[in-house]
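Only one structure is covered here, and it is reproduced in the block below.
The values are calculated or read from the model by the stated rules, or taken from the named source; none is laboratory data. Quick caveat, the model's predicted, so the values are computed rather than measured. Neighbour counts run over all protein chains shown; Cβ positions are idealised from the backbone, glycine included. Accessible surface areas use protein heavy atoms only, side chains included; no ligands, DNA or RNA. Shrake-Rupley method; radii C 1.70, N 1.55, O 1.52, S 1.80 Å.
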Amino acid sequence: MNHDDLLEALKIAFCYMPKAIEVTRYEYGDRTDKVLEHINTVREVLLEGGIDPEEVYGDVNPELTPNSTY
């Protein structure tokens, strides 16, 4: 597996991760800080790979993402 394959797999996994704003103590309890740390780690690796985490869902699922008009 090459670097691009690994980044693609990370992008797919990131699509299924909760958004940081969705991670609450009510839902995750004592694991909240760890889950937020994991999300941040994945975001950082994507950024280091030249991938904007905010654009990942659209890259992985273009058919489900509305086209931008600006």
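Okay, residues lined up against (1) open to solvent by less than 90 Å² (accessible area, probe 1.4 Å); (2) on the phi > 0 side of the Ramachandran plot; (3) in contact with a Lys or Arg (Cβ under 8 Å, 6 or more places away or on another chain):
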residue	(1), (2), (3)
Lys11	yes, no, no
Arg25	no, no, no
Arg43	yes, no, no
Ile51	yes, no, yes
Glu55	no, no, no
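What's the total number of residues in the range 27-37 that are within 17 Å of the chain's Cα centre (by Cα) and either surrounded by 14 or more Cβ atoms within 10 Å (Cβ to Cβ) or in contact (Cβ under 8 Å) with a residue 12 or more places away in the chain (or both)?
3
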